[in-house]
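The structure under discussion appears below in the form of structure tokens.
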Amino acid sequence: MAEVNETDQTPNLGDSTTPSQPKPEQITTTNVAVPIPDVGPQLQVVVDEFILKNGSSDEEVRTAARNDLRDFIEREEIGITTLLVVVKYAHEFKNADLLDAFCERVADLIKDKKVVGVREIFGIVNDFTPEEEHALRDEHPWAFED
Amino acid sequence: MWNNLPSDLLSNVFSYLPPHSLARAMVTCRHWHDCARSTTSRHQHPPWFVALPTRARNLCFVHNPIESTWHLLGLKHVPSLTRPVSTIPGHGLILFKSTGSVPLQLSVCDPFTSRFRHLPQLRKPRTNPAVGVIEDCPSQFNVYVAGGMCKAASSGAASYEPTLEMFDSRSKNWTITGSMPIEFAVRLTVWTPNESVYSRGVLYWMTSARAYSIMGFDMSSNKWKELSVPMGDTLEFAAMVPRDGKLAVIGGTHGVNVLVWELGEDDKWNVIERMPVELGKRFVGGSTKCVGIEGGVCLYKEIAKEMVVWRKDRNHKNKWEWYSIEGCNQISGKRLENYPIKGLFLHPNLACSSSFF
């Protein structure tokens, strides 16, 4: 995976007075484009737009960008396979706001499900022994009462 | 795949989970278990109401606000002759104090993991002081003790202790932060307040019975002040509630007429809410108590009786809604006594990384 060179980044179009050297705050890569392979072009467009708007100095634009992204994610019911790709790339590119939006979606898929259901959806292999799992369930019996 | 994502990534996901979902995530596989254990919750979820029977030391009822279910936890280590004072809500801890005429001994307990710890002795041992809590951030809290009575060294006669002491959860030490006017030490001792509320730099306590009044310690100016409580001599029950950083009071008469006031910038009270009449009618009879936390208030009687909650709406951040919740009279099919309870609120903390223990 090629290293992303900060000085070659996509210009921050929200700020018309961008200095030639990136400000220290910009190194946290809010503005760096995150090309995500294997997801549909529609999602890529939405992600690009989010990154653009989220780099704005106007708080209202940023809030709207976050809401738009959340709405899109909910509407399209982004699934597990896509999520896995997106969060991995957002994580590698260290884009905290993008990551948070998609992590919240992953959490939505875990919420209120039983352990077996979660394992199934996420393709998780149970590497506890039956005794270990039993002991863990006993730590918080209130979470497993149904 | 999902089994072995980077830990900080998984912890980020888990920070959005409510407590019961987090507990289940811990059981899916080893990696998820370890990540969940070191997750810091974002506390976006409603707080849990905790009901401690006043006469059954080792029981703790908790109400899951999302599933609307009651659960019974066993408290293993809480010693006898202690009583719950308040909670350290963001850390998921219950603060207990010793009862009787011994100098105050405080301890904390996490009801979900049964972890328990005594706080060290006070610098100036005293009986019956006011006890307050301030949580600055997820990794630190301070406990304050003000007033109380101590034995004068020479004569052996008791006198009021006009000092304020602070416990720092990081250094795990008490320090005397300053002195206080003797009249406040007397009031805080004689009127034994309940939970404190910290708002706009002032630590407030309210007397625990009629006629209600509030005492506040301004942290930055080191000055004490007294505030009257609206309808303070007619309210039958009242409690302070932090509300979006401001101080509010909920109180009622005859269980029917319940009002909420908020303290304005000018230290004047404004009525901001009234309990709906239909709820009030169902709530009549018996002695009512109330407790509040940032984001919610609960009016309750005994454990099996219906309770009324006024809470921030999950879907509309600026709206608060009134709910009634059924009391708990059975667990796993077994009928239970209708215990008188002390009600508290907290956010369950399942992470073992809590630095305090």
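Since every read-out is calculated from the coordinates, none of them should be taken as a lab result. Computed from a predicted model, the values in this text were never measured in an experiment. Note: ideal-geometry Cβ built from the backbone for every residue, glycine included; neighbour counts use all protein chains shown.
First select every other residue whose beta carbon is under 12 angstrom from the beta carbon of B:P125; then total the charges, Lys and Arg +1, Asp and Glu -1.
+2
Considering the Cα trace of the protein assembly as shown, what is its radius of gyration and what is Dmax, both in angstroms?
Taking only Cα atoms of the protein assembly as shown, I get Rg and Dmax of 25.6, 85 Å.
Beyond a 18 Å Cα-Cα separation, which of these cross-linked pairs lie in this structure: B:K97/B:K225; B:K281/B:K334; B:K281/B:K319; B:K225/B:K268?
Too far apart for the 18 Å limit: B:K97/B:K225; B:K281/B:K334; B:K281/B:K319.
Work through the residues other than B:V197 whose Cβ is under 10 Å from its Cβ and net out their charges, Lys, Arg +1 and Asp, Glu -1.
Around B:V197, the charge tally is 0.
What does the charge count near B:G90 come to, summing +1 for each Lys or Arg and -1 for each Asp or Glu among other residues with Cβ under 13 Å from its Cβ?
Here the charged neighbours net out to -3.
Using Cα pairs under 8 angstrom and six or more residues apart, how large is the relative contact order of region B:110-160, in percent?
On the way: 55 pairs, mean separation 13.9, N = 51.
It comes to 27 percent, rounded to a whole number.
So what is the relative contact order for chain B, in percent, with contacts set as C-alpha pairs under 8 Å and at least six apart?
Working: 815 pairs, mean separation 53.8, N = 357.
The normalised contact order for chain B reaches 15 percent.
Just want to confirm a number: the relative contact order over region B:224-357, from Cα pairs under 8 angstrom separated by 6+ residues, in percent.
Details: 231 pairs, mean separation 21.8, N = 134.
Over region B:224-357, the number comes to 16 percent.
For chain B, modelled as a GNM with alpha-carbon contacts under 10 angstrom, which of B:G292, B:G245, B:G148 fluctuates the most?
B:G245
For chain B, what value does the Rg/Rh ratio take when both radii are computed over Cα atoms and Rh is the Kirkwood radius, given to two decimals?
0.97
Taking the convex hull of the Cα atoms, report for region A:38-146 its projected area averaged over all directions, in nm². Let's see the in-between values first.
Working: hull surface 35.7 nm².
Convex hull of Cα atoms, orientation-averaged projection: 8.9 nm².
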